[in-house]
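Enquirer: Next up is a structure, given as structure tokens.
The values are calculated or read from the model by the stated rules, or taken from the named source; none is laboratory data. A quick note: this is a predicted structure, and the numbers were derived from the prediction, not measured. Heads up, the Cβs are rebuilt from the backbone with ideal geometry, glycines too, and the neighbour counts pull from every protein chain shown. These accessible areas exclude ligands, DNA and RNA; they are computed on the full protein's heavy atoms, side chains included. Shrake-Rupley method; radii C 1.70, N 1.55, O 1.52, S 1.80 Å.
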Amino acid sequence: MKHFPIFLAVEGRRIVVSGGGAAAMAKLRLLLKTRGHITVFAADPAPEIADWAEAARLRLVRRAAGPGDALCAALFYAANDDAAEDARVARLARADGALVNMVDNLDGSQFITPAIVDRDPVTVAIGTEGAAPVLARAIKRDLEARLPVGLGVLARAGKAFRRAAEALPMGRARREFWAAWYDRAGPRALSQGGAAALRPALDALLADRLDPAPAAGHVAFVGAGPGDPELLTLRARRLLDAADVVIHDRLVTPAILELARREAEIVDVGKTGFGPSTPQAEIDRLIVHHAAQGAQVVRLKGGDATVFGRLDEEIEALEAAGIAYTIVPGITAASAAVASIGQSLTRRGRNASVRLLTGHDMQGFADHDWAALARPGEVAAIYMGKRAARFLQGRLLMHGAAPDTPVTVVENAARDGERVLATTLARLEPALGEAALDGPALVLFGLAPRGAAALRDTPAAPEIRPLKEAY
Ligand code: SAH
């Protein structure tokens, strides 16, 4: 982070703008929303600026800025649409002790103005350190659509009610009160009765919450998808945002854990395929322990929780303890991997079924119906298949699979470091050994990557996650 975002108190402080054209106007439109005292220096100001001065919204000095004009100013904008003039006034303003912004000059600026979503007093500031203004605008557009226009009114009513809400014990009770207010009760009251209905609705909600029904713990088994936070479900995001405790596997990426509520307890019960692990019984015990205390627990599993996730053991532990649970589906590695190579898991005329196999199980390498799989056109997504590759290869060839059957290994599908290894059954080993993959990898038996050119034309927002070099 080269720039640290803060919210600066500007009420009653001087903000100076040098310039009277388009650049100055763009800044002034934002600055006029603040309670700062704005002074504009411009020999030839645009008519709007003169109008604002007329309406006493700012002070206009009809000359270029000079020495001492930025004294006592909190902020100074060099916005003259003229690089040389900007450099001159910025130098003067710095000497006067103001923080200086030069329009379209990142290096010359001591601060930058973010893209802003304004639901006063709720303000969202978006910055990309000058790297991608287009992206900042896209995010702003997205948030503008998502944040209800009435959010500011709700927040103001909430702020005035903070004292009253202290009747609730600090911590979860108070948090849930405010969550219920902003998620449901507030918007409902606003749409039904307007601003006047807000205070009575807050009183009613508080009365309801003060009548203490003991909190019941709950566990949500949530599929975290292959790793890219963009591939989480909306429900997964919402649950992460509300969780008291998040218990996660090794496959869950840091970027996804970032989405958990800041105060949430994060417990890593990571297991490596053949390496050290938290015993399953200990995981079961942990989940039950937290939920029994009334916590909202998110049990976060890579991909989909129902695919090679030992979900049933954990559910049985909850059932034995009488704890309620829900299952939230996620995108499984097989779906992410075929998407990366532009293929379908099933295809008319090729394969009407697809197998999800595990390369190893608790007893060692897993046995399957090899003869059925060896038939032409069959497709299988093999999880945990890296170490079992030589075994799989041997079994399949022995049962008559064609040596040139395509096999594609996708490492880190839909996460950082994605790599694709396209080979054939005959070449699977040594190709896999030579590639020395160290991330999670899915073996797609019977599928080859579709032509690379078509894949590169994906409309997926390229600024957010560029396609990794897959080939
Ligand atoms: N529940 C998970 C699978 C857990 S088993 C799911 O639905 O995806 C763990 C195996 O899943 C790994 O050994 C690997 O084979 C596969 N896997 C998980 N995430 C992956 C990813 N991002 N890319 C490739 N393979 C992945």
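Enquirer: Please indicate, with yes or no, whether at least one residue in segment 398-419 is assigned to a helix (DSSP H, G or I) and surrounded by 13 or more Cβ atoms within 10 Å (Cβ to Cβ).
Expert: no
Enquirer: I would also like to ask the following. Going by what's in this entry, would Ile256 be described as closer than 26 Å to Arg146 by Cβ, open to solvent by less than 20 Å² (accessible area, probe 1.4 Å) and in contact (Cβ under 8 Å) with a residue 40 or more places away in the chain? Give the derivation first.
Expert: On the way: closer than 26 Å to Arg146 by Cβ: yes; open to solvent by less than 20 Å² (accessible area, probe 1.4 Å): yes; in contact (Cβ under 8 Å) with a residue 40 or more places away in the chain: yes.
So Ile256 fits the description; yes.
Enquirer: Tyr383 is checked against (1) under 18 Å from Leu345 (Cα atoms); (2) more than 12 Å from the ligand (Cβ to nearest atom); (3) of a type in the set (Phe, Trp, Tyr) and fails just one. What number does that condition carry?
Expert: It fails just one condition, (2).
Enquirer: I need every pair where a residue in segment 379-397 that is not assigned by TED's automatic domain parsing to the domain that holds Phe308 and open to solvent by 70 Å² or more (accessible area, probe 1.4 Å) has its Cβ under 8 Å from the Cβ of a residue that is within 15 Å of the ligand (Cβ to nearest atom) and part of a loop (DSSP other than H, G, I, E, B), sequence separation at least 6 or different chains.
Expert: Within 8 Å, the pairs are Met384/Gly273; Met384/Phe308; Met384/Gly359; Arg387/Gly273; Arg387/Phe274; Arg387/Gly359.
Enquirer: Determine whether segment 335-344 contains at least one residue that is open to solvent by 60 Å² or more (accessible area, probe 1.4 Å), in the same structural domain as Asp416 (by TED's automatic domain parsing), more than 20 Å from Pro403 (Cα to Cα) and of a type in the set (Val, Ile, Thr). Walk me through it before giving the result.
Expert: Residues of segment 335-344 open to solvent by 60 Å² or more (accessible area, probe 1.4 Å): 339.
Subsequent filtering for residues that are in the same structural domain as Asp416 (by TED's automatic domain parsing) retains 339.
Within this subset, residues satisfying the condition of being more than 20 Å from Pro403 (Cα to Cα) are 339.
Then keep just the ones that are of a type in the set (Val, Ile, Thr); that gives none.
No, the conditions are met nowhere in segment 335-344.
Enquirer: In segment 111-129, which residue that is farther than 16 Å from Lys27 by Cα and part of a loop (DSSP other than H, G, I, E, B) is least open to solvent (accessible area, probe 1.4 Å)?
Expert: First, the residues of segment 111-129 that are farther than 16 Å from Lys27 by Cα: 119-124, 128-129.
Filter once more, keeping what is part of a loop (DSSP other than H, G, I, E, B): 120-121, 128-129.
Numbers: Asp120: 91, Pro121: 64, Thr128: 34, Glu129: 62 Å².
Of everything passing the filter in segment 111-129, Thr128 is least open to solvent (accessible area, probe 1.4 Å).
Enquirer: Okay, moving on. Could you tell me which numbered condition His368 fails, if it satisfies all but one of (1) away from the ligand (no atom under 13 Å from the Cβ); (2) over 23 Å from Arg450 (Cα atoms); (3) open to solvent by 70 Å² or more (accessible area, probe 1.4 Å)?
Expert: (3)
Each row is one residue, and each column tells you yes or no for (1) open to solvent by 70 Å² or more (accessible area, probe 1.4 Å); (2) touching a Gly at 6+ places or on another chain (Cβ under 7 Å); (3) more than 18 Å from Arg261 (Cα to Cα).
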{"residue": "Arg146", "(1), (2), (3)": "yes, no, yes"}
{"residue": "Ala167", "(1), (2), (3)": "no, no, yes"}
{"residue": "Arg174", "(1), (2), (3)": "no, no, no"}
{"residue": "Phe177", "(1), (2), (3)": "no, no, no"}
{"residue": "Asp183", "(1), (2), (3)": "yes, no, no"}
{"residue": "Pro200", "(1), (2), (3)": "yes, no, yes"}
{"residue": "Leu231", "(1), (2), (3)": "no, yes, yes"}
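Enquirer: A further question on this structure: I'd like to know if segment 310-323 contains one or more residues that are within 10 Å of the ligand (Cβ to nearest atom) and either open to solvent by 20 Å² or more (accessible area, probe 1.4 Å) or within 26 Å of the chain's Cα centre (by Cα) (or both). Step through it out loud before you land on a result.
Expert: Going through segment 310-323, the residues within 10 Å of the ligand (Cβ to nearest atom) turn out to be 310-311.
After this cut, where a residue has to be either open to solvent by 20 Å² or more (accessible area, probe 1.4 Å) or within 26 Å of the chain's Cα centre (by Cα) (or both) as well, the list is 310-311.
Yes: one or more hits.
Enquirer: Looking at Arg262, Arg250 in this structure, which one is of a type outside the set (A, V, I, L, M), away from the ligand (no atom under 11 Å from the Cβ), open to solvent by 40 Å² or more (accessible area, probe 1.4 Å) and in a loop (DSSP other than H, G, I, E, B)?
Expert: Details: Arg250 fails: away from the ligand (no atom under 11 Å from the Cβ).
After ruling out the rest, the residue left standing is Arg262.
Enquirer: In addition: If you check Ile327 against the conditions, is it in a strand (DSSP E or B), open to solvent by less than 60 Å² (accessible area, probe 1.4 Å) and either within 14 Å of the ligand (Cβ to nearest atom) or not polar (S, T, N, Q) (or both)? Show your work before the answer.
Expert: Values: in a strand (DSSP E or B): yes; open to solvent by less than 60 Å² (accessible area, probe 1.4 Å): no; either within 14 Å of the ligand (Cβ to nearest atom) or not polar (S, T, N, Q) (or both): yes.
No; evaluated as a whole, the condition is false for this residue.
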